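The values are calculated or read from the model by the stated rules, or taken from the named source; none is laboratory data. Computed from a predicted model, the values in this text were never measured in an experiment. Positions of Cβ are backbone-derived with ideal geometry, glycine not excepted, and every protein chain shown enters the neighbour counts. These area figures cover heavy atoms from the full protein model, side chains too; ligands, DNA and RNA do not enter into them. Shrake-Rupley method; radii C 1.70, N 1.55, O 1.52, S 1.80 Å.
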Amino acid sequence: MFNMKYNKKLMLTGCALGLLAFTSCTDGYEPEPVENFTIDYVFSTTDSVGKQAVAYLNNIYMHLSSGHNRVGGDYLDAATDDATSLEYDESQVYRLAMGRYTASNRVYDDMDWNTYYQTIREATILIANIDRVPFNLTYIKGDEVADENGKLKESPLNESMKAEARFLRAYAYFELVKRYGGVPLLGENVYSLNDNIELPRNKFAECIDYIVEQLDIAKVDLRGLPMPDAGTYAGTPTREACEALKCRVLLYAASRLFNESPLEPGNELVGYASFDAERWKTAADAAKHFIETYGHEGTGAVRLTDNFRNVFLSLYNESVNPEVIWHTNPQFNEKTVEFRNGPLGFSANALGQGRTLPSQNLVEAFPMRDGKKIGESTKYAYTINDQYANRDPRLDITVLHNGSNWLGRQLATYQNGANNPTAQALYSRTSYYMGKFMADYTSGAREYSNVAARPWIVLRYAEILLDYAEAMNEYAGPDADGVKECLTDLRRRAGIEPGDDGSYGIPAGLSKDEMRELIYNERRIEMAFEEQRFYDIRRWRIAEKVFAEPVRGLVISNRDGILTFTDTDVVNVRWDNRRYLYPIPYSEVLKNSNMVQNPNW
């Protein structure tokens, strides 16, 4: 959330600012309309420190969500083939997975239309009015903005605040577009209750162009990494965040769902009018620019963190966690993730609820330690009864399994084991628990302790590498410059063995299709539980293939100390292609005669 280093005590105070109208902090007769009065109050022409304006911007940040157990207590990935919920068919995430929603009966935890438009409206109000505030405070953009004597230039604070609002508005639009396709673009208009707001949806292409344009404008007046104080500026978007979000937007736009095979050919609300391979080139160029400007080939301000586990346990820090580009909702000195998702069967300060349960499908996606697929390694054998040895080290960090060291003992997730008591109403149907995002409890500690800082990371450098590899492979093939290198960078950091040929298990002579599958899988395991898989299988248009197979778990039985591992089907999803996009809310279609519903809803 935004903070000024000049006054760290600024808090969200004053009026509560609503979506459609503002209310005054005072009672009684007002000589002018409430909305006008409160705008004058918030963006006061006599407030040189902009106290209420800063509070207003902070309020916009409050709309940003954390992905930790966001969907009814579960991670969004529990609506994919990577996991399921302990709560099973009672959970919101299960409704998403099974498609138990309509335009009027919605799963609001991921189908929230109003909050995004509330963010858009409030950001536009700030952009339109912030220049009225006569700030006597300034900010420093970054090391590259200096005068002829080398002194860093300072700029009026309103420029930074306007740019932050513009970024947040662009982000809100993208979150809508990836869910619904083209949506109404409001531009710089702020509509009141008496205005005609029966606006049509803009074309998908128009939305993408607008979002990219807004990010390009915003980055000019934002700070750059490294931040001088990550705690003070926690969650503030930077130039790097603009560029990284732009990479994601362009990658989605080039993807099959919107570019090559839209749900309804010719319907420009849900995709481009025709396929253009150059969109892949545009996406690749954006990621390449990031790598060469800010990444390990440029300033190095953003780069992979040495320890994969530590990526998720601290804010941006140039030496400790340089991988974080932008995060929201940092939590300090808490252990909620451990309590909600840790294994069952412990007690007191070590008792977890086991909410989001990884699947056998996900476990099998991790390669062996030499980078080869399970069953293809000539160095490491694989059997279902001995499947966790010599695997990609990311597996043990991401998934807790039978035999994992945790809180001073080895987990027993077999049926009726200490950490999977099947006599309870709720138990792990997959025999797994989620380990990602948690602190390291593999040795020493016997109970959970507070994590100093745990942000929800929206953008990190690993994704930029994956974005480039995917886009460049689609455009120029697997031998194009940098495609394999991006993947080997990730595998090297993960602890995959380089092998005698230094390939980190990536086979030579792959076709474009084979490299695509490898990139898809690398993205799946690297970004597991980071709200990527749910939308990746949609933009790739592979959901019907993914859900043709059940979401699986293990039944582990223990007879006289001998364990037997058996595959079991946990969730069978009947996929419907209309679910590649969410339905426009029925209330919007009902009140707006120009609002066109998505195909087959």
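Results, tabulated for the structure shown:
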{"item": "Counted residues, segment 52-103 - those being assigned to a helix (DSSP H, G or I) and either under 16 Å from Ser359 (Cβ atoms) or not basic (Lys, Arg) (or both)", "result": "23"}
{"item": "Unmet criterion (only one of (1) in a loop (DSSP other than H, G, I, E, B); (2) in contact with a Phe, Trp or Tyr (Cβ under 9 Å, 6 or more places away or on another chain); (3) of a type in the set (Gly, Ala, Ser)) for Ser192", "result": "(2)"}
{"item": "Failed item, numbered, when Val363 is tested on (1) assigned to a loop (DSSP other than H, G, I, E, B); (2) open to solvent by less than 10 Å² (accessible area, probe 1.4 Å); (3) in contact with a strand residue (DSSP E or B) (Cβ under 8 Å, 6 or more places away or on another chain); (4) not basic (Lys, Arg)", "result": "(1)"}
{"item": "Pair list, Cβ < 6 Å and 6+ apart or interchain, from segment 62-81 residues that are open to solvent by 20 Å² or more (accessible area, probe 1.4 Å) to residues that are of a type in the set (Asp, Glu)", "result": "Gly72/Asp109"}
{"item": "Subset tally (residues that are of a type in the set (Lys, Arg) and surrounded by fewer than 17 Cβ atoms within 10 Å (Cβ to Cβ)) for segment 532-567", "result": "2"}
{"item": "Lone unmet requirement of (1) buried (at least 18 other Cβ atoms within 10 Å of the Cβ); (2) part of a helix (DSSP H, G or I) for Asn202", "result": "(2)"}
{"item": "Of the criteria (1) within 20 Å of the chain's Cα centre (by Cα); (2) in contact (Cβ under 8 Å) with a residue 60 or more places away in the chain; (3) under 21 Å from Asn321 (Cα atoms), which one Leu257 fails", "result": "(3)"}
{"item": "The lone exception for Ile397 - which of (1) open to solvent by less than 60 Å² (accessible area, probe 1.4 Å); (2) at pLDDT below 95 it fails", "result": "(2)"}
{"item": "Conditions (1) of a type outside the set (A, V, I, L, M); (2) open to solvent by 30 Å² or more (accessible area, probe 1.4 Å); (3) farther than 19 Å from Gly72 by Cβ; (4) not in a strand (DSSP E or B): number failed by Phe339", "result": "(3)"}
{"item": "Residue among Arg132, Arg100, Arg106 that alone is closer than 30 Å to Tyr233 by Cβ and surrounded by fewer than 19 Cβ atoms within 10 Å (Cβ to Cβ)", "result": "Arg132"}
{"item": "From the options Asn521, Asn592, Asn572, Asn598, residue that is more than 26 Å from Leu185 (Cβ to Cβ) and open to solvent by less than 70 Å² (accessible area, probe 1.4 Å)", "result": "Asn521"}
{"item": "Top-ranked residue of segment 109-129 - restricted to ones that are closer than 17 Å to Arg579 by Cβ and of a type in the set (A, V, I, L, M, F, W, C), ranked as surrounded by the most Cβ atoms within 10 Å (Cβ to Cβ)", "result": "Trp113"}
{"item": "In segment 189-248, the residues that are hydroxyl-bearing (Ser, Thr, Tyr) and more than 20 Å from the chain's Cα centre (by Cα)", "result": "Tyr191, Ser192, Tyr210, Thr232"}
{"item": "Conditions (1) open to solvent by 10 Å² or more (accessible area, probe 1.4 Å); (2) farther than 30 Å from Leu251 by Cβ; number of the one not met by Gly417", "result": "(1)"}
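Residue-by-condition table, conditions (1) open to solvent by less than 10 Å² (accessible area, probe 1.4 Å); (2) assigned to a strand (DSSP E or B); (3) touching a strand residue (DSSP E or B) at 6+ places or on another chain (Cβ under 7 Å); (4) polar (S, T, N, Q):
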position	(1), (2), (3), (4)
Ala287	yes, no, no, no
Phe290	yes, no, no, no
Thr299	no, no, no, yes
Asp306	no, no, no, no
Ser319	no, no, no, yes
Asn329	no, yes, yes, yes
Phe332	no, yes, yes, no
Leu344	no, no, yes, no
Gly354	yes, no, yes, no
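Here is a yes/no grid of residues against (1) open to solvent by less than 10 Å² (accessible area, probe 1.4 Å); (2) over 30 Å from Phe275 (Cβ atoms); (3) assigned to a strand (DSSP E or B):
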| position | (1), (2), (3) |
| --- | --- |
| Lys436 | yes, yes, no |
| Ala452 | no, yes, yes |
| Trp456 | no, yes, yes |
| Tyr468 | no, no, no |
